[in-house]
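Written out below as structure tokens is the structure these notes cover.
The values are calculated or read from the model by the stated rules, or taken from the named source; none is laboratory data. Please read these numbers as outputs of a predicted model, since none were measured by experiment. All Cβ positions, glycine included, derive from the backbone under ideal geometry; neighbour counts span all protein chains shown. Please note that ligands, DNA and RNA were not included when accessible areas were found on the heavy atoms of the full protein model with its side chains. Shrake-Rupley method; radii C 1.70, N 1.55, O 1.52, S 1.80 Å.
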Amino acid sequence: MTKKRRVVITGLGLATSLGLDVEESWNRALNGESGIRKLSLDGAEKSPVQAVGAVTDNDWNKITQAFREEADSEGERRTLFAMWAAKRALEDAGLEKMNAGFSVEGNRAGVILAAGLGINRLEDIQRWVNSEKQFDYTRFNREYRDVHRESIIKNNSNRPSGLIAEKFGLTGYNATITTACASATQAIGTAFRSIARGDTDVMVAGGADSMINPVGLIFFPLLGAAAVSSLDPSDICRPFDRKRSGLVMGEGAGIAVLEEESLAVRRGARIYAEVMGYSSSMDAHKVTAPHPEGEGAVKSMANALKDAGLKSDDIDYINAHGTGTKLNDSAETLAIKKVFKENAYNIAVNSSKSMIGHLIAASGGPEFVFTALTVNRDKIHPTINLDNPDPRCDLDYVPNKMRSKIVRGFKGSRIQGLKN
């Protein structure tokens, strides 16, 4: 068996309700600032959901100005969030132009991106269904140019990964993952595997999504998963709190550049951290609820440790799924206890969603960015709004205030020690 190659993180990019700049967003997260605000869509007063982690209008204008051509032709929010975060991550890695400074063969650099279904403006599809319930292909071909740019017809899930590859000359492995809330983490894990086994050298990986639209605003309340509280918007998302009432939708993107270690070292790249292991599982319980014993999470964490060659007491920090729903937070807490046993109470656990909301398919992207910075900086952002601890959620969730703590991992120009 070929020896697994080492994989490092050399670039980070973000677009969330906390901002468009990684350092600015990171500092806001450390300060416990909430990006969750009152819903401002037209007709919002009729929505049961009144709080969302939306990218601000000012930041959206910056994105559309940066990608004027794409905004005019393919200006769907999820797609442009992905373009922005990918550009910033490649710039951060010094690889925006793949032939500049240090050559990386195009077919050894690729994209794996998570993207939501883009189920907005479904009425467009009905336009070409005739009275006999048949699709009118002739009319569709004639009227396709009139389809709204935010329609799923023009922006399928694979659109962001395709545009990123085209824009930045990433002609290697390209894939899109759409597996609900696990999508972005699976995209990053799959990218890690492709480099580790030698299929690629550089991968742009992460996720982008936006469900802050009429479809999303009715879908999650119907599932009973969304917070519909009348509290101040910044207080509504309450992971691990006894008074938590459901998830708060967010939008945006989080993307990282992963790179084979020796390549990064040779070209003098800044290395944030090393990715050592990955695993994914399915508890096959329910679409809208985790197994109450946390079985899927247990398998994923245990197998990721095995893949990394680490033990349960090697871990100092976990960025949790932490949705703020009754079922997830207790099941996730139980899973951590099962995997890490007595060390579970020594691990700092936090939820980025408390400040930016649940980015659905993209959720693992910003969380991965914040995790890389935590390992690199030895600073842990808080889980905000944790004022009434749930007895069933009794781990160290870093409530309400940033903490400085040694998180074993990358600490210099080379890889040292253990990485989480």
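Quick notes on this structure:
- Projecting the Cα atoms of ASN303, THR10, ASN400 onto the charge dipole of the chain, computed from C-beta unit charges around the Cα centre, puts ASN303 farthest toward the positive end.
- Distance from region 49-66 to region 198-219 (C-alpha centre basis), Å: 16
- Cα-Cα pairs of the chain separated by more than 42 Å (percent): 11
- Note on LYS87: lysines with a C-alpha under 16 Å away, same-chain residues under 8 apart excluded, are LYS62, LYS97, LYS167.
- Overall size of region 239-346 from C-alpha positions, given as principal axis extents largest first: 50, 34, 28 Å.
- In Hz, Karplus ³J(HN,Hα) per residue of region 344-361 (6.51, -1.76, 1.60; θ = phi - 60°; x = Gly, Pro): 4, 7, 9, 8, 7, 10, 9, 10, 5, 4, 4, 10, 10, x, 9, 7, 6, 5
- Helix-only mean residue ellipticity at 222 nm for the chain, each DSSP H run of n ≥ 4 adding -39500 (n - 2.57), per residue, nearest 500: -10000 deg cm²/dmol
- Along the axis of the charge dipole computed for the chain (Cβ charges of +1 for Lys and Arg, -1 for Asp and Glu, origin at the Cα centre), the listed residues THR79, ILE315, ALA253 are led at the positive end by ILE315.
- Taking VAL55, VAL204, VAL228 as the candidate residues, the one with maximal mean-square fluctuation in a Gaussian network model of the chain, Cα springs under 10 Å, is VAL228.
- Of ASP59, ASP232, ASP314, the one that fluctuates the most in a GNM where the chain has Cα springs shorter than 10 Å: ASP232
- Lys, Arg +1 and Asp, Glu -1 on Cβ, resulting dipole of the chain about Cα centre, debye, nearest 20: 900
- In nm, spacing of pseudo-spin labels at LYS46 and SER279 (7 Å Cα→C-beta vector): 4.8
- In this structure the amide hydrogen of GLY11, modeled in the peptide plane, comes within under 5 Å of the amide hydrogens of VAL257, none closer than 5 places in sequence on its chain.
- Per residue, the average separation of C-alpha pairs within less than 8 Å and at least 6 apart gives region 279-414 a relative contact order of 23 percent.
- Rounded accessible area per residue of the chain, 1.4 Å, Å²: 43
- Portion, in percent, of the accessible area of the chain that falls on carbon or sulfur, probe 1.4 Å: 50
- Amide H partners (placed H, <5 Å) of ASN156, local residues excluded: none
- Just checking the listed ones, LYS299, LYS38, LYS286: in the Gaussian network model of the chain with Cα springs under 10 Å, the one fluctuating most is LYS286.
- Phi-based couplings in Hz for region 245-258 (Karplus 6.51, -1.76, 1.60; Gly and Pro marked x): 10, x, 7, 10, 5, x, 8, x, 7, x, 9, 10, 9, 9
- Proximal lysines to LYS379, defined as alpha-carbon separation beneath 22 angstrom and excluding residues fewer than eight positions away on the same chain: LYS353, LYS401, LYS405, LYS411, LYS419
- Selection from ALA187, GLY268, VAL228 lying farthest towards where the dipole of region 179-280 points positive, charges on Cβ: VAL228
- When you restrict to C-alpha pairs under 8 Å that are six or more residues apart and normalise by the size of the chain, the relative contact order lands at 24 percent.
- The orientation-averaged shadow of the Cα convex hull for region 172-302, equal to a quarter of the hull surface, comes to 10.7 nm².
- Value of relative contact order over region 264-309, rounded to a whole percent, pairs C-alpha under 8 Å and six or more apart: 45
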